[in-house]
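Read-outs: derived from the displayed coordinates by stated rules, not from any lab. Keep in mind it's a predicted model, so treat the numbers as computed, not measured. As a convention, Cβ positions derive from the backbone with ideal geometry for all residues, glycine included, and neighbour counts pool all protein chains shown.
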Amino acid sequence: MRWLLLCFLLSGTLNSLAGHSTKVKISDSPKSLKDTLPASITDSVFTLIEIEVGSKTALMPYIEGWIAEETEVAAFRGRRLSETLQRSGLLVRAYSPGGLATPSSRGGASRHTALLWNGVNLQSPLNGTIDLSLFPMEFIDFLSYHDNGISSLRGSGSFGGSINLGSTPSFQTGWSAALGLSVGSFGFFRPFGEIGYGSNRYQASGKAMWSQSRNDFKTENGERRENAARQEYLLSHEQRFVINARNQLKSWVWWQQADREIPPSSISASRNEYQKDSILRLGLEWMNTGENRVDKLRFFRLEEKTDYGSDVTPASLNEGVSWVANYQSEHYFGLRSKWVGGLNFRENRVLGDAIGRKSQTLADVWFAMDHWLSSLWNLDVGMRLPSADWQFYVPAGHLGIGYQPSKSCLVKIGAAYNFTLPSLNDLYWSDNFARGNENLLPERSIDLELGLVYKRQLFQLKPRLYFRHVYDWIQWFPQGAGGVWSPDNLQSVRSVGGDLPLEWERSWSNAIRTTTVLFLNFNYTRELGNELRHIAQLPAFRFNFLMRLDYKKWSLEYSDQLIGNRYSTPNASANDLLPSQYLASLELSLNTKSFECYFRLENIWNTAVELYPYYPIPGIHWRAGAVYRLGKENSRM
């Protein structure tokens, strides 16, 4: 009741502040800041640089993140989210095809990067992570990634950034359908289907996919990898009801069953390991728009069940249910300001063989503002007051100051404070091999960032420098005479680094266009007070390169990725140092209004790669796919 009362008070306060502001067009699809401004003030003396914002991003962040346009998302069909996000500069750590894939940003662990699906955080309450391999791109309509201080508004587990994805039925009239098939090396086979219907007041979309693969590629010694098969079923359904000009309802359903075998390392015998994931996500959103505002009220039920088995370690069955409610209100004050506030409530209930029955209540209230002080200066500020099991913590928040000396240039400096709570596994796990630690403290981070956005016609450059200091970093170690693994808070961990993204497009004629994208990252992360201890699996540098040639409806794309050397364990031993890894791919695609197809070669230079020690990536292999569309599909705004 107290949160409901705060919700009404916050909404009333913001409404009273709105005054006689100008009408603003509200949309769910990715648009530029310029496109969200009312026509009556677009000729104002303020000439702002055109900053892209994602579908679920409330404010202009310190520095632009990575945003995939709707056409780009469609071009990524046949891939998984883990493969697509490598274009964003985010480090995705994948064991191998069909295996676990987790994100890492700016020297952080996988539990430090949040993933939001239609506005709700999907990080597991058990281990704090999310498996990116469980998200096929056919089921994603909007995608963005932001690695700066604005993620302090996303809740616990977000100081490494946030991945934002969503889906919604397109505005259309009548019926539409799509049929697709992807095939590839090692028994990869994935049929896909979609059907949609729309009218002036109702739109709906249903999708279905089945996928299987053996993943039995040959390793360097000529032997085929064993116990690596994967099979998956996925169904989704989205609806939109347009009640009137100001109100609409949306609903989402996501059901997924993924069965995978877990292969042994290249130096161990098969242990017949497996993991079965059962997932059900239900969501409902009410949206109300006014002359200068938009309010959203969302409810979600998230269910997840993981069944793990092995010949060596004890079997484990974990089940979790989360109830989520959040309210968000956006208000526009002409061209100068955008204010956003909201309330979040989440109840996690889990039952596991190794932790028993546990529950957790998370709640917070947050507020943020993006305000242009003048035609040159911008202020971006936000604060979140969090609580866990009704114990309140020091407020998280961010402050950014921007300076725009010209129409094509924006300089921003920002600072943020955020934290990550210990996961339930960290606190309560108990079996013969590992023990949790109920005395763990939350991880706390202080971030500083300096960045530049420079855009000139078809060229853009966005260099960034960052500093992060994490207090009470949580790390698992073998402890005691028996070597039982247990987590503990390290003294402190410090990360210093920078990013250099560059993109250049050129049109050679009406039919020919080239795009070149470069991304360079360097990072130095160490535990303070123990310089000999490294944070495992964090490379010192990364380099991504992409070049695409577009000719009419055809595209030819080459991309590669160089990952610097890194340690496989916290011990700075030469035996634990992994060499640099290099991967490259080549893709030819055709995209018309009703037909899409692609052929892609992975690891085209046939290099020996182990992103994790003793878990090799296959040599050169291929994948191909096609989608045929029937009926008319319009914008997903």
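Apply the Kirkwood formula to the stretch 358-470: the hydrodynamic radius equals the inverse of the mean of 1/r over all pairs of different alpha-carbon atoms; give it in Å with one decimal.
17.1
Determine Rg/Rh for the stretch 104-261; Rg is computed over alpha-carbon atoms and Rh is the Kirkwood hydrodynamic estimate from the same atoms.
1.04
Be a star and scan the stretch 291-323 for residues whose amide nitrogen sits under 19 Å from the point 7 Å along the Cα-to-Cβ vector of Asn244.
291-297
For the stretch 447-519, take the convex hull of the Cα atoms, compute a quarter of its surface area, and give me that in nm², please.
8.2
Which of the pairs Lys250/Lys276; Lys296/Lys593; Lys338/Lys412 have their Cα atoms more than 25 Å apart in this structure?
Flagged as over cut-off: Lys250/Lys276; Lys296/Lys593.
Ordered by residue, what ³J(HN,Hα) values in Hz, to whole numbers, does the stretch 589-597 give under the Karplus form 6.51 cos²θ - 1.76 cosθ + 1.60, where θ = phi - 60° and Gly and Pro are x?
9, 10, 9, 10, 5, 10, 9, 10, 8
Using alpha-carbon pairs under 8 Å, 6+ residues apart, how would you state the relative contact order of the chain in percent?
After rounding, I find 11 percent.
May I ask for the net charge around Cys597, where only other residues with Cβ less than 13 Å from the Cβ of Cys597 are counted and Lys, Arg are +1 while Asp, Glu are -1?
With Lys, Arg at +1 and Asp, Glu at -1, the neighbours total +3.
Starting from the Cα of Leu556, step 7 Å along the direction of its Cβ; do the same at Ser406; then give the gap between the two resulting points in nm.
3.6
Each residue of the stretch 602-610 in order: what ³J(HN,Hα) in whole Hz does its phi give by Karplus 6.51 cos²θ - 1.76 cosθ + 1.60, θ = phi - 60°, with x for Gly and Pro?
9, 6, 5, 8, 6, 7, 7, 10, 9
Rank by packing, highest mean first: peptides 446-458, 408-420, with packing defined as the count of other Cβ atoms within 10 Å averaged across residues.
Peptide ranking by packing, descending: 408-420, 446-458.
Given H placed on each backbone N at 1.01 Å, which residues far from Ala540 in sequence or on other chains put an amide H within less than 5 Å of it?
Residues meeting the criterion, in which the H sits 1.01 Å from N, are Gly564, Asn565.
How big is the Kirkwood radius of the chain, worked out from every pair of different alpha carbons and given in Å to one decimal?
Taking every pair of different Cα atoms in the chain, averaging 1/r and inverting gives 25.6 Å.
Using θ = phi - 60° and the Karplus form 6.51 cos²θ - 1.76 cosθ + 1.60, what ³J(HN,Hα) does each residue of the stretch 218-232 get, whole Hz, x for Gly and Pro?
Once θ is set to phi - 60°, the couplings for the stretch 218-232 become 7, 8, 4, 7, x, 8, 7, 6, 9, 6, 10, 6, 9, 9, 8 Hz.
So, counting K/R as plus one and D/E as minus one, what does the shell of residues with Cβ under 9 Å around Ser270 add up to?
The answer is -2.
Excluding Thr607 itself, what net charge comes from residues whose Cβ is under 15 Å from its Cβ, given Lys and Arg +1 and Asp and Glu -1?
-3
Just need log10 I(q)/I(0) for the stretch 295-409 at q = 0.09, 0.10, 0.14 Å⁻¹, Debye formula, equal scatterers on the alpha-carbon atoms, no solvent, rounded to two decimals.
At q = 0.09, 0.10, 0.14 Å⁻¹ the computed log10 ratios are -0.44, -0.52, -0.77.
Using helices alone, what [θ] at 222 nm do you get for the chain, with -39,500 (n - 2.57) per DSSP H run of 4 or more residues, divided over all residues and rounded to the nearest 500?
-1500 deg cm²/dmol
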